[in-house]
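Participant: Before anything else, here's the structure in question.
None of the figures in this text is laboratory data; all of them are computed from the coordinates on show. Fair warning: this is a prediction, and the values are worked out from it, not measured in the lab. Here Cβ is always computed from backbone atoms with ideal geometry, including for glycine, and neighbour counts include all displayed protein chains.
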Amino acid sequence: MQLATVLRIHAAFFLLLAAHFSAEAAEMHQRSHAAVTGSVVRLADVVTCNGCADSISTPLLKLELMLAPGAERSLRISRQELQQLLLLNDVDLNDWHFKGAEQTIIVRQKPGSVIAATATSDAMPLPTAQDASPAVPAPIAAPVDTAPVVQAEIPSNVVRVVNTIRPISKGELVKESDVELIPAKDDREGARAYQNLDEVVGKEAKRLIPANWAVDSSYVQPKQLVKRNDIVTIRAKAAGVTVTVSGIAKDDGAAGEVVTVVPEGSKDPILARVTGMRELEVFASGPRY
């Protein structure tokens, strides 16, 4: 078999293979705006599914992503945050192509209300022979995040809890603009969640925190200055002399916490206190039992 024939066969094979894989990956097209009437935002509110079988798309589009924003409020979800939520729900991202908007603005719509007027043929005059150009329907207005927020007066005896304004990724530090105080949905939430913004701002997310979510201690922790398997600096002070060595951290730790570390050149772990970013001070020597 001639070389040219072999190359043509190989080229045809790879073209078929590429077509096969591109056909397998369906498309999620992210909307730029979405309006929901219920208390939950579903995947179907945020994306449309193109090129996928109904047996796959129908149950997937019913997937609950997060709680809906309150009345006259909105929230944003970026493409990265959407993908993180899908991963948490065991969706294989390799099966999908993501297109469309880079973020979606979600607003709460009252049942039966109309977000934007839609131009119809009944509302438009029909073009006549005298018209130089046909009538053009007015563009459909998209919902925008400009509605003023009306703050209702909350009775002093109502428990308010820290609630997220947007999704917060694992390892991300919570900023003041990420959270707000809102009335607790029930007594159980009021007892479980933080009730002071200072208890949450500056802390690190242990895992993905959805938008519009009451934050409790299972979601945040003090900023971890030392992570497991980090190369750290260990300082030991004695009689006015400071000895500095490197080591490998065996635990995560925030400022002031005690972690296990193995000094360079040693196999025996010791205990040390976290004093800074990847910095430790010897707390007690000897193996940890």
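Participant: If amide H atoms are built 1.01 Å from N in the plane of the peptide, which residues on other chains or at least 5 residues away come under 5 Å of the amide H of Ala255?
Facilitator: Residues meeting the criterion, in which the H sits 1.01 Å from N, are Leu225.
Participant: May I ask you to evaluate 6.51 cos²θ - 1.76 cosθ + 1.60, the Karplus curve with θ = phi - 60°, for each residue of the stretch 163-170 and list the ³J(HN,Hα) values in order in whole Hz, giving x for glycine and proline?
Facilitator: After applying 6.51 cos²θ - 1.76 cosθ + 1.60, I find 10, 7, 8, 9, x, 10, 6, 4 Hz.
Participant: Report ³J(HN,Hα) in whole Hz for each residue of the stretch 75-87, in order, from the Karplus equation J = 6.51 cos²θ - 1.76 cosθ + 1.60 where θ = phi - 60°; Gly and Pro get x.
Facilitator: 9, 10, 10, 7, 5, 5, 5, 4, 5, 5, 5, 5, 4
Participant: Hey, another quick one. Fewest first, what order do Met66, Met28 take by the number of other Cβ atoms within 10 Å?
Facilitator: Met66, Met28
Participant: Between Arg76 and Lys185, what FRET efficiency follows from the Cβ-Cβ distance if R0 is 25 Å, with the result rounded to 0.05? The partial results should precede the final answer.
Facilitator: On the way: r = 22 Å, r/R0 = 0.89.
Efficiency at R0 = 25 Å is approximately 0.65.
Participant: Further, regarding this structure: Would you mind calculating the gained length between Arg273 and Ser218 on full extension (0.36 nm times residue separation, minus the Cα-Cα distance), in nm to one decimal?
Facilitator: Net length gain for the segment: 17.4 nm.
Participant: Then there's this: Say the cut-off is 25 Å between C-alpha atoms; which of Lys99/Lys227; Lys223/Lys250; Lys206/Lys267; Lys175/Lys237 go over it?
Facilitator: With Cα atoms farther than 25 Å apart: Lys99/Lys227; Lys206/Lys267; Lys175/Lys237.
Participant: Still on this structure, please answer the following. Apply the Karplus curve 6.51 cos²θ - 1.76 cosθ + 1.60, θ = phi - 60°, to the phi angles in the stretch 185-191 and return the couplings in whole Hz, x for Gly and Pro.
Facilitator: So the J values, rounded to whole Hz, are 5, 7, 5, 5, 5, x, 7.
Participant: Within 10 Å of each residue's Cβ, count the other Cβ atoms and sort Tyr194, Tyr219 from fewest upward.
Facilitator: So the ranking, lowest neighbour count to highest, is Tyr194, Tyr219.
Participant: For a quick check: with amide H placed at 1.01 Å from N, whose amide H comes under 5 Å from His33's, ignoring anything fewer than 5 positions away on the same chain?
Facilitator: Those qualifying (amide H under 5 Å, at least 5 residues apart or on another chain) are Ile105.
Participant: Report the full-extension gain for the segment Leu173 to Lys206: residue separation times 0.36 nm, less the Cα-Cα distance, to one decimal in nm.
Facilitator: The span from Leu173 to Lys206 would gain 10.9 nm if fully extended.
Participant: Once both labels are modelled 7 Å past Cα along the beta-carbon direction, what's the Val40-Lys250 spacing in nm?
Facilitator: According to this spin-label approximation, the distance is 4.4 nm.
Participant: With unit charges on the beta carbons (Lys and Arg positive, Asp and Glu negative) and the dipole taken about the Cα centre of the stretch 153-289, which residue among Val259, Leu197, Ala184 sits farthest to the positive side?
Facilitator: Value computed over the given set: Val259.
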